[in-house]
Amino acid sequence: MVSLIAWLKDTCGNRFNIWFAAGLSLLLVTLISSCEDPGVVGSGFVETGAEVNLDTLKVDDFKVESGFPVFTGNKPYLSVGAYNDQLFGDLTATGVIKPVVSQSVDTLHPDASFGLELGISTANVYGDTTSTTTVELVEMAEPWRGVAWKIDSDVPVSDNVVATADINMEDSLVIDLPDSWYQKYREYFYENPNTRDSLYRYNFKGLALRPVDGNKIVAINASKTSFVFQNPGDTVKTELDISGWGYSLDRQNVPTLPDSLDRIYSTQENAVNFIFESDRETLGSENIARGEMVFDVDRERMRNSLPGNHVRPTPDIMGLYLHDPKDLKYSLSTFNTAFEVQLDSVDYTFRFDLTRYVNQQLFVQPSSDRFIGALLSTNDMNENDGIIRSTVLSNPKARYTYPRLLLTFVNSDIESN
Amino acid sequence: MRYFYLICLLILLNVGTAPGQISEPDKLTSGSIYSSLGVGTPVDYRASYADGMGLIGYAVYDSYAPSLANPALWGRNVFTQATGGVNLNRYIASDRQGSAKTARLSMSMFQGVFPLKKDKLSLSVSLHPLTRRSFTSFEQNTLPPYANNSRDTLVYGIEDHGSGGLNRLELGVGWKINKHLSLGYAGSYVYGPLQSDLTVIWSESEYQKINLDQTTSHQGFGNRFGVLVSPVSVLKPDDKLDIGLTATLPVNLNAKRIVESDKEVANRLRTIVIEGKDAYGTRTVKLPLKAGIGINYQPNALWSISSELKFGQWSEYNGFSRQQSANNVDRYKAGLGVRYRPYISDYETFWSRFKYNFGVSYDQGHLQLKGHRIETLMFSFGLGILSPDTRSSIDLNFHYGLRGTRADGLVRERIWGMRLSFNLAELMFFRPKLQ
């Protein structure tokens with residue numbers, strides 16, 4: 001080392017001490033910069049002044065909006081039956097159904113046997129599971145279209161009861177249909193193919209499924225329901241899909257609820273309509289880490305209103321639509337939800353994460369759209385799937401469980417620095 | 001000479017680009033945790049040649065390197081001088097909860113001194129830091145179930161990264177009245193932002209990260225004065241004694257604060273003004289009176305010994321936040337150092353070509369937290385390296401010291417650092433008598 005320094009000194013002359021200083025400096029900078037290990041010290045006296053605060057914003061501008069157009073035709077499920085619900089009133093669901101006519105079936109033999117096979121969703125039975133639902137299959141008096149069928153459509157039936165069936169808790173049920181009705185249908189089947197479809201659509205009236213007895217509503221799975229026939233000599237039955245279906249729902253004797261509660265239906269007959277002020281003064285801060293909208297389901301009331309062996313399809317999903325109030329005359333199914341959330345099965349609440357919405361309201365041009373909160377189907381659909389689900393939500397008159405926005409925010413007044 | 005400038009350039013390129021800027025934001029940017037309080041840690045503008053003595057240099061003069069210590073020293077200048085450099089400090093901090101190792105690299109200052117009349121009247125222009133804030137703190141908190149809007153425990157952390165500081169842009173003049181007395185005055189514009197970048201992060205992904213960038217800007221004007229007394233020989237015919245005195249008057253700074261936040265809105269990151277300047281209004285931050293006295297005794301040309309006492313009336317400090325001003329107490333700092341310059345008598349051997357400085361200083365500190373003064377004991381060593389061809393030089397100074405205490409949740413810091421200064425001294429603006 002000494003000889004190296006001596007050699008460098010001889011080589012570099014007096015400049016060596018400058019190189020010596022420069023080299024030493026660079027070495028130290030490199031060494032120190034590679035040895036950082038940031039830890040946590042000083043928490044005993046460094047006060048950032050930042051505090052995490054919680055707040056609850058009660059949603060007062062809240063009402064239940066009803067009268068939305070509700071289409072129940074050609075949905076995944078067809079509800080049929082009657083049930084006297086202690087909480088939601090006396091419900092009667094009358095179905096309508098008719099087969100396709102233009103399916104690629106070669107022959108409908110005049111002596112074929114004809115029937116209706118119902119696929120029943122036993123998981124979505126509504127009512128007394130021990131009860132037998134008796135339905136009459138009645139010839140409709142007027143033609144109808146499935147896609148236009150609404151929940152409050154009149155069911156114009158004739159006097160011609162073509163069959164009667166008892167529905168228990170089976171997965172499927174075949175109802176034999178009389179030859180007279182079959183022959184009416186068969187006439188259309190052999191019409192001129194060029195005019196058959198329109199003739200059938202405007203003239204063939206189909207059947208009504210009219211509940212006449214029982215205390216249970218069943219959800220008929222449209223994808224597993226068909227008309228079936230068997231030509232003489234055939235060993236198996238052939239299926240004919242259904243071309244139109246729907247149901248009408250009648251609610252009577254709906255009991256009065258405490259004024260702190262509102263009924264909401266998954267059929268989207270009604271929905272909650274609310275808005276909250278989202279300016280800084282109301283929210284208390286602009287540093288919102290989380291904004292969570294909470295609706296409470298009255299679980300005890302829901303549970304206590306069901307006698308033994310009685311069940312009620314549970315509404316699992318709630319959606320929030322954001323709309324200009326003038327859009328509310330349209331069916332909710334024509335819009336997309338802005339937020340969707342699953343029911344919290346522990347505390348029976350619907351909790352929406354509105355953090356992004358709140359921040360957009362604060363920092364972008366605020367929207368005056370109102371929230372429409374509606375129950376949704378459970379099958380990844382943002383609309384009514386045909387199953388009747390109902391719930392009871394607390395409204396702003398509730399003492400503790402009122403609709404509320406839970407805010408977690410950080411104060412920006414960090415004075416201590 | 002070109003080698004000298006080349007080395008300076010290489011080192012500066014290695015270090016960074018401008019005062020207060022670091023090329024890599026997460027590296028070498030954290031200093032003392034105590035700089036989180038008030039306007040940051042006061043920076044003593046020590047003369048580069050006195051730094052290794054642990055002194056500011058009120059009464060220490062070097063013909064070839066400028067000094068900010070005492071405006072009166074400028075009256076003695078013969079050469080046009082400039083100085084600048086870098087500081088590198090390493091902090092090993094610990095309290096009862098944990099420890100941290102951080103480092104801070106920064107440009108130290110710039111000063112140019114221009115003789116208007118050699119050894120009589122000189123002008124000084126400088127830009128140098130008055131205070132520095134550079135720290136990172138982290139605090140973890142827990143909100144138990146149902147105390148955080150959910151039935152689960154919520155853990156969150158608050159990281160605070162402080163930066164910035166006050167700077168002084170100063171113009172001054174030193175006047176050597178006679179060989180026994182020099183006076184100096186400097187007026188300055190004091191300015192600078194203090195920043196605190198706060199980030200709140202959460203254990204649950206549903207919570208949005210919150211960041212708040214608080215910037216407090218300051219501006220004001222300051223004045224300081226200096227006196228240098230050089231009596232005749234005191235103990236023997238060839239010895240020298242210098243006495244330097246300085247006073248820096250209180251500075252009232254107009255301070256304004258703004259708080260901004262980066263928000264992801266509509267899939268875009270936007271900087272939002274959370275609290276505008278009107279929210280806090282304009283407040284007055286008062287920097288206190290400071291005064292210092294130093295004595296330098298030079299028994300011969302090779303050796304000198306110096307001592308100093310500095311006082312800062314920090315109890316009169318008013319910060320932007322009144323709450324924090326209560327932590328400030330009057331500050332006293334004392335130092336004792338020795339300088340040895342063997343090259344004056346022998347420039348032949350390698351080790352004789354350096355200037356050597358040693359010293360120790362004790363700083364009572366300007367903070368009193370939980371009843372404890374935040375004191376600093378610092379040992380210093382410095383090497384002065386002469387340019388082979390010119391009057392310029394490099395000062396390489398090292399420090400090691402202890403600050404603070406671990407009592408009552410406070411932090412003790414082991415500090416060691418290096419300061420590298422480049423001193424340029426040339427005869428300029430003089431027409432040669434003979435070509």
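Read-outs: derived from the displayed coordinates by stated rules, not from any lab. Since this is a predicted model, take the numbers as computed values, not measurements. Cβ placement follows ideal geometry from the backbone for every residue including glycine, while neighbour counts extend to all protein chains displayed.
Please find, in a Gaussian network model of chain A (springs between Cα atoms separated by less than 10 Å), the residue of A:Ala208, A:Ala141, A:Ala93 whose mean-square fluctuation is greatest.
The residue that fluctuates most here is A:Ala141.
Mind sorting B:Phe225, A:Phe276 by how few other Cβ atoms lie within 10 Å of their own Cβ, fewest first?
B:Phe225, A:Phe276
So if I place +1 on the C-beta of Lys and Arg and -1 on the C-beta of Asp and Glu, and nothing else carries charge, what would the dipole magnitude of region A:77-252 be about its Cα centre? I want it in debye, nearest 20.
For this selection, approximately 460 debye.
Could you tell me the calculated FRET efficiency between B:Arg151 and A:Glu51, based on Cβ-Cβ distance and R0 = 22 angstrom, to the nearest 0.05?
Here the calculated transfer efficiency is 0.50.
Evaluate E = 1/(1 + (r/R0)^6) for B:Lys236 and B:Phe358, where r is the Cβ-Cβ distance and R0 equals 22 Å; express this FRET efficiency to the nearest 0.05.
0.45
As a footprinting exposure proxy, order B:Tyr91, B:Tyr362 by other Cβ within 10 Å, with the fewest listed first.
B:Tyr362, B:Tyr91
Kindly provide the chymotrypsin sites (Phe, Trp or Tyr not before Pro) of region B:125-175 that DSSP labels as loop, not H, G, I, E or B, and whose Cβ sees at most 10 other Cβ atoms within 10 Å.
B:Tyr146
Under a Cβ-Cβ cut-off of 11 Å, what is the net charge of the residues other than B:Leu396 that fall near it, where Lys and Arg count +1 and Asp and Glu count -1?
Every neighbour counted, the sum reads 0.
So what is the relative contact order of chain A, in percent, for Cα pairs below 8 Å that sit 6 or more residues apart?
This gives 27 percent for chain A.
For the residue pair B:Leu121 and B:Glu264, what label-to-label distance in nm results when each label sits 7 Å from Cα along the Cα-to-beta-carbon direction?
In this crude label model, B:Leu121 to B:Glu264 measures out at 6.5 nm.
Can you give the average number of partner chain beta-carbon atoms within 10 Å of each beta-carbon in peptide B:88-98, as a whole number?
For peptide B:88-98, the averaged partner shielding equals 4.
Could you work out the mean count of beta carbons from other protein chains within 10 Å of each residue's beta carbon in A:52-61?
2
Tell me, A:Ile288, B:Ile415, B:Ile272 in order of fewest to most beta-carbon neighbours within 10 Å?
Listing A:Ile288, B:Ile415, B:Ile272 from fewest to most nearby Cβ atoms yields B:Ile272, B:Ile415, A:Ile288.
Measure off 7 Å from each Cα along the Cα-to-Cβ vector at B:Arg96 and B:Thr271, then give the distance between these two points in nanometres to one decimal.
With each label placed 7 Å out from Cα toward Cβ, I get 4.2 nm.
Cut-off 10 angstrom, C-alpha nodes, Gaussian network model of chain B. Which of B:Gly244, B:Gly417, B:Gly165 fluctuates the most?
B:Gly417
Just to confirm my numbers, what's the Cα centroid distance between region B:77-102 and region B:35-70 in Å?
So the separation of the two Cα centres works out to 13 Å.
If you average the C-alpha positions of region B:253-320 and of region A:295-326 separately, how far apart do those two centres end up, in angstrom?
The two parts, judged by their Cα centres, are 61 Å apart.
Which residues in region B:54-83 place their backbone N less than 20 Å from a point set 7 Å from the Cα of B:Val229 along the Cα-to-Cβ direction?
Taking a point 7 Å out along Cα→Cβ of B:Val229, the residues of region B:54-83 whose backbone N falls under 20 Å are B:56-61, B:69-76.
If you count, for every residue in B:198-206, the Cβ atoms of partner chains within 10 Å of its Cβ, what is the mean?
4
For A:Lys224 paired with A:Tyr202, estimate the spin-label separation in nm (one decimal), with each label point 7 Å from Cα along the Cα-to-Cβ line.
3.8 nm
Between the DSSP loop rule and a limit of at most 14 other Cβ atoms within 10 Å, which trypsin sites (Lys or Arg not before Pro) in region B:320-391 are left?
B:Lys370
Considering chain A as a Gaussian network with a 10 Å cut-off on Cα pairs, which listed residue, A:Ser43, A:Ser113, A:Ser390, attains the greatest mean-square fluctuation?
Largest GNM mean-square fluctuation: A:Ser43.
Would you mind calculating the relative contact order of region A:210-251 from Cα pairs under 8 angstrom and at least 6 residues apart, reporting the percent as a whole number?
Averaging sequence separation for qualifying contacts and normalising by length gives 28 percent for region A:210-251.
Evaluate the charge dipole of the protein assembly as shown about its Cα centre and quote only its size in Debye, nearest 20, assuming +1 on the Cβ of each Lys and Arg and -1 on the Cβ of each Asp and Glu.
7000 debye
Within region A:280-299, which residues have the backbone N less than 16 Å from the label spot 7 Å out from A:Asp61 along Cα→beta-carbon, could you tell me?
Taking a point 7 Å out along Cα→Cβ of A:Asp61, the residues of region A:280-299 whose backbone N falls under 16 Å are A:280-284.
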